[in-house]
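Encoded as structure tokens, the structure appears first; notes follow it.
The values are calculated or read from the model by the stated rules, or taken from the named source; none is laboratory data. Bear in mind that the values here come from a model prediction, so they are computed numbers and not experimental data. Heads up, the Cβs are rebuilt from the backbone with ideal geometry, glycines too, and the neighbour counts pull from every protein chain shown.
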Amino acid sequence: MKRSINAIICILIAFNFIGCDILDISNRIVIESAKIKNIPLFGQWQSNNDENDNFVFTNDVAKIRGDIIYNPKYKFKNVDTFMYLSEKDRNILKESLGSVPKDIDIISVYNDKNIFCDYINIDDNWGLIIINDEFIKVEKKKSVDSIKVQDIKEVGSEIKPSKYYNMQCGVLLGLKNKSGEYRTLWISFSNNLINKVYEVPGIVVARKKSLWKLSTAAIENSSDKILYSENISSTNNGDARNLKDNRVEFSEINFVSDDYIGIRLDNKEEFKVLPLDNIKNKEGVKLSEVLGVGYLNAFKNAFNSHLSVLEQENKDEFNSASVAETNYTMIRTNGHWIIKGRVNAKENPKDYFDFYINKSRQDKIIKFDDLYIPWNKAKEKNPRVRDIVNSPNKRMSIMLAKDKLFICEIKNGDFKTDISKTINIGEDDTVIMAEWAIGDFVSKWDEVIVKQNYKAY
């Protein structure tokens, strides 16, 4: 059942990204098209606050903060403003437009499974680009007619360093393998050098005042495990928790952030996102509670869209299924986090199908998801690259490529390979966490990790 449904979903995804479709979803018109003569978004744009923040959109290619997207697709949506945007986002919209209209037209830029950004038109010269919950007011610098495709790579290619560029940086990189083993690599950069890399069994996550370690233990006669937490910081023992009172049974960890953890429950094949302050709460955090009502609407629309193409037998099985807004998680694709939803069959909960929510703004769950080295550039450097994370101060890049992990400095928007380090990893190792530190926090985290006498590279 699961294999056949996943195959159908893959066919749906491929079909949706070819040609032109007009859909009516929740009384809102959605138009998808591969080739359009002209739309307000076409042209070269620059951020009103940062001259290095450049965007280019044409029929053949788009450039979004350094990412080059070939053959981009554009989706037009007319949405209810109060349903689609949170109150905070509506206030930002009001600052730009002077008022909050009942309906707004949004253009989404996407390719394959990825939604790169949304665009709201203000007038012929100004617009709003939305990336990961960030509203960027942009000014049009060139029309599409005056842009040559071969010149697009050069737009904004001279990347000026961040004001934090010379600060030390570090990352707690969480990895898991198919055997259900979890570990954390502490990787830091200071004084123009990549420091020793420390490997910690389990997941080390940064909380507000301390570092916690999430560990697992097997349950006798069960495929599930116990997840429990402990404070490992020597500077703030007051945050320590009673391990018996702060644990949960789970099957798999999908992601970890500084406030949340995404798990899979094996007995029901369900996803749950739990607050780290209360991981024993199996109910999970509702999508609308953490990301807003707009995400719940997108969740339901994505479910209905995928349900409509299932074979009748499968459709009948899922048609009466309950769409639980707690049944979601985060996964990695092309160097970014995206939201993955799941619906379980009513009669047999272990039958399910998965889908991706058509929104890319989720930094209230996971922060620092920007790629300063474009995905395509990383693939050109090493075709085996399967994931990449960059430090927020644009100084360090970490790439996973087959069975190797490459760490190198970023300089002038490119990899500087003369300052680098390579570590062997498993071919099935995947990233489930990337928690960054800048400045003094690097020294504080480093002190805690080094004192534990963990394996070093």
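Structure values in brief
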read-out: Any hit, the stretch 352-367, residues being basic (Lys, Arg), in a loop (DSSP other than H, G, I, E, B) and free of Cβ contacts under 8 Å to residues at least 24 places away in the same chain; value: no
read-out: Elements of type strands (runs of 3 or more DSSP E) contained in the stretch 117-196, each with 1 or more residues being surrounded by fewer than 22 Cβ atoms within 10 Å (Cβ to Cβ) and at pLDDT below 90; value: 126-131, 134-142
read-out: Tabulated pairs, the stretch 87-110, first more than 25 Å from Val56 (Cα to Cα), second of a type in the set (S, T, N, Q) and outside any strand (DSSP E or B), C-beta under 7 angstrom, 6+ apart or interchain; value: Arg90/Thr81; Val100/Thr81; Pro101/Thr81; Lys102/Thr81; Asp103/Thr81
read-out: Residue in the stretch 293-304 that is more than 24 Å from Thr81 (Cα to Cα) and either buried (at least 19 other Cβ atoms within 10 Å of the Cβ) or out of contact with any strand residue (DSSP E or B) (no Cβ under 7 Å at 6 or more places or on another chain) (or both) present; value: no
read-out: Test: residue in the stretch 376-385 that is in contact with a Phe, Trp or Tyr (Cβ under 9 Å, 6 or more places away or on another chain), buried (at least 22 other Cβ atoms within 10 Å of the Cβ) and either outside the structural domain of Ala434 (by TED's automatic domain parsing) or not in a helix (DSSP H, G or I) (or both); value: no
read-out: Spans of strands (runs of 3 or more DSSP E) in the stretch 49-93 with at least 1 residues surrounded by fewer than 17 Cβ atoms within 10 Å (Cβ to Cβ) and touching a strand residue (DSSP E or B) at 6+ places or on another chain (Cβ under 6 Å); value: 67-70, 73-80
read-out: Any hit, the stretch 57-74, residues being over 20 Å from Phe299 (Cα atoms), in the same structural domain as Val138 (by TED's automatic domain parsing) and of a type in the set (Gly, Ala, Ser); value: yes
read-out: Tally of residues being in contact with an Asp or Glu (Cβ under 9 Å, 6 or more places away or on another chain) and within 30 Å of Met433 (Cα to Cα) across the stretch 307-326; value: 3
read-out: Single match in Asn390, Asn382 (criterion: within 30 Å of Gly294 (Cα to Cα), in contact with a strand residue (DSSP E or B) (Cβ under 8 Å, 6 or more places away or on another chain) and polar (S, T, N, Q)); value: Asn390
read-out: Condition check for Val389: more than 16 Å from the chain's Cα centre (by Cα) and in contact (Cβ under 8 Å) with a residue 40 or more places away in the chain; value: no
read-out: Residues of the stretch 424-457 satisfying the condition of being farther than 24 Å from Lys209 by Cα and either surrounded by fewer than 13 Cβ atoms within 10 Å (Cβ to Cβ) or in contact with a Pro (Cβ under 9 Å, 6 or more places away or on another chain) (or both); value: Asn424, Glu427, Asp428, Lys455, Ala456
read-out: Residue in the stretch 409-425 that is within 26 Å of Lys340 (Cα to Cα) and modelled with pLDDT of 95 or more present; value: yes
read-out: Test for Ala401: is it surrounded by 15 or more Cβ atoms within 10 Å (Cβ to Cβ), at negative phi and over 17 Å from the mean Cα position of the chain (by Cα); value: yes
